[in-house]
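Read the structure below first, then the notes.
The values are calculated or read from the model by the stated rules, or taken from the named source; none is laboratory data. Because the structure is a prediction, the values reported are computed rather than measured. Cβ sites come from the backbone with ideal geometry, for glycine too, and all protein chains shown count toward neighbours. Heads up: the accessible areas ignore ligands, DNA and RNA and are worked out on the full protein's heavy atoms, side chains in. Shrake-Rupley method; radii C 1.70, N 1.55, O 1.52, S 1.80 Å.
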Amino acid sequence: MSSRASRPGKALHALKEWTLELFSENPVFIGGLSITPVVVGATTAANGLILGLAAAFLMLFLSGMCAMGGMLFRVPVQKGLAAFVSAAAFIPVGYVVDTFLPLQSVSLGIYLPLLCVSSIVVMKVPHALAERGYRKGFLHIVQNILGFFLCTLLVGIVREWLGAGTIFGLPAPTLLTVPSAAYPYMGFIIIGMLGAAAKKAAAVIRENELLDRHEQIYTEKWVDDSLDMEQPDAAEETSVAPEGAVEEQTDTAPLQAEPSAGQERPVNNQ
Amino acid sequence: MTLLLEFTNTFLLVLLFENTLFARALGIGRLIRLIEHPATILPFCGILTGMTTVSSLLAWALTALNQWFPIPSFGKPLAFVGVMLVVYALTCVVWGSFFKSSYNTYRPLLSPAMFNCTVLGSIYIGTRENLSAVSALGLGLGTALGFLLAVIIMYYGQKQLKKLDIPESFRGLPSEMIYIGIISLAIYGFIGSSILF
């Protein structure tokens, strides 16, 4: 019964779970990884975008190197090697930001290079590949990349909107501005608030999914029971006792002529 | 006397007013994990103190060489992580050779204490401010002890938070972030907006 229901929706369910985990297991809001660059660096939407893209590049590069390096990244110095590799990968990132985005480079300060040693890069990537294998580990890394990107972008947008009344430099409607939104203390508070919102949203979605799943299971059981009830002839022949079969055979002849009466019998027996 | 004043000035500034955690948010993730395992707080902070102090001094030396071998800004993370790797390797060799039993006990804390935002952040700050060797020493010590101070404050704060009737969504990390934010706000009340990031 359950296999008949889960086969077509299995892939969709897995995708829904994976998407839900972007919020319920967000690496920053829930896991507490790499909060430092988000708190101080993501003061505007542009900064948040740059941080998210830089972290994505570093994590993808490191995961590729870990996959090629294999056992090398399982030794106790894996964090150091991972930090060195990500610092090497940072060279093109730093060059592009310094050359083409000088304002954002000054605004981000030391917090963009700090991504090289942040826990989401040097800890999460090697552990994910070592514990889950390459395929599932890579999917987990992509999930963390998207989760971190969403977090930095969201925090940057909120802080720029609160602080300057703009989003990506474009005016956005607002009732009031809070200029201190760019300071680290507001970063902590905003991350705390957004983390609570993410937890609540994930809990509500899971609760609704659970209710939907219970309803689906109940509906399937009702359908299966109805299907079983629609096969009365096979049920009648198997349910008649052998001892009484000779006597009842004479009785069934008129019953067969009257199918409506015969159809009612299994219902009454039940 | 001048050297002592210079050291004390930098040390107290970084310990209190430009606290590693509350003012610069360096090492938040590590702090969250440490307060859940209080037995590892002192050993971790002891190792961190050594790492930040030695790394700050080596980075100061690297900056002195920068005059002859300039390092572009996008290459600095690689150079500084290289310094951290050298310090890590030396620590493992020296500690493992002379104090093997304690090395085996605290080895799992070595790489988290070395490769984190606190150490790299202190190196960056020291090299950017063009500090002297004595000030770099004060910066390294002050960074690690400021981290220890922040961990102690957060540890007892978290214990009090657990006793309160906090809504389910705010339990754990969200309430801790708001708590850190309020303490950070108090520190910014002292220093204003003079910190350069």
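Is it the case, given these coordinates, that B:ARG128 is open to solvent by 40 Å² or more (accessible area, probe 1.4 Å), basic (Lys, Arg) and touching a helix residue (DSSP H, G or I) at 6+ places or on another chain (Cβ under 8 Å)? So B:ARG128 passes the test.
Under the condition of being open to solvent by 30 Å² or more (accessible area, probe 1.4 Å) and either part of a helix (DSSP H, G or I) or out of contact with any Leu (no Cβ under 9 Å at 6 or more places or on another chain) (or both), the residues counted in the stretch A:167-179 number 7. Taking the criterion of being in contact (Cβ under 8 Å) with a residue 60 or more places away in the chain and either loosely packed, with under 13 Cβ neighbours inside 10 Å or farther than 13 Å from A:HIS140 by Cα (or both), the only residue of the stretch A:8-19 that qualifies is A:LYS16.
Pairs linking a residue in the stretch B:36-53 that is in a helix (DSSP H, G or I) to a residue that is open to solvent by 20 Å² or more (accessible area, probe 1.4 Å) and β-branched (Val, Ile, Thr), with Cβ atoms under 8 Å and 6 or more positions apart or on different chains, are B:ILE41/B:ILE152; B:GLY50/B:THR91; B:MET51/B:THR91. Only residues that are over 18 Å from A:ALA82 (Cα atoms) and in contact (Cβ under 8 Å) with a residue 40 or more places away in the chain were counted across the stretch A:112-155, and they come to 12.
Taking the condition charged (D, E, K, R), open to solvent by 40 Å² or more (accessible area, probe 1.4 Å) and within 29 Å of the chain's Cα centre (by Cα), does A:GLU160 pass? Let's see the steps before the verdict.
Values: charged (D, E, K, R): yes; open to solvent by 40 Å² or more (accessible area, probe 1.4 Å): no; within 29 Å of the chain's Cα centre (by Cα): yes.
So A:GLU160 fails the test.
Under the condition of being within 12 Å of chain B (Cβ to nearest Cβ), part of a helix (DSSP H, G or I) and out of contact with any Phe, Trp or Tyr (no Cβ under 7 Å at 6 or more places or on another chain), the residues counted in the stretch A:116-147 number 3.
The residues of the stretch B:108-163 that are within 12 Å of chain A (Cβ to nearest Cβ), in contact with a Ser or Thr (Cβ under 7 Å, 6 or more places away or on another chain) and of a type in the set (Ser, Thr, Tyr), listed by number, are B:THR118, B:SER122, B:THR127.
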